[in-house]
Ligand SMILES: [Zn+2]
């Protein structure tokens, strides 16, 4: 059953929420720099092109290989279900994933914490947001029963998760994975 912990909101089945499964693959990846220990595949927020980004250079504002606009990594990045595996699981750096929904009030409490971590840990890890309404398969795969749920991934594996609003715990998890 659902966890009834404070600061969480259960995921209610919603009419009209259809699975938007797009076939995996497709689209070449633009590589601007040689693969590195901090390589991550990210979709450009402007043109949608997949880019291979060296996270260790994130603070220098890497640009999209296609449209030359900046890849903004000092803030959480939205990741779709289609891109989840190649962006989150294949990342060479740790990834903190926020499973949320636009209608979830407690999720809005978590948002500034994610902004803070993305800004402070730029170049060392990736912070992403997954809209559970549009990512039913990924949500089921990771057993997301309430939102917000934050999961920390490293080397494609779940390290730990946080349910609801637990800022000190989340900061501690991040420090540990980066130590
Ligand atoms: Zn672009």
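The numbers here are math on the coordinates, done by the rules we state, and not lab data. All values derive from a computational prediction rather than experimental measurement. All Cβ positions, even for glycine, are placed from backbone atoms using ideal geometry, and neighbour counts span all protein chains on display.
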Exercise. Just how far, in whole angstrom, is segment 135-170 from segment 52-113 if you go by their alpha carbon centroids?
Worked result: 15
Problem set entry | Ascending count of other beta-carbon atoms within 10 Å, so fewest first, for 99, 84 | 84, 99
Problem set entry | Packing-based exposure ordering (other Cβ within 10 Å, fewest first) of 129, 108 | 108, 129
Exercise. So what is the relative contact order for segment 27-178, in percent, with contacts set as C-alpha pairs under 8 Å and at least six apart?
Worked result: 23
Problem set entry | Per-residue Cβ neighbour rank within 10 angstrom, fewest leading, 125, 109 | 109, 125
Problem set entry | Alpha-carbon gyration tensor eigenvalues x 5, square-rooted, for segment 27-178, Å | 24, 17, 14
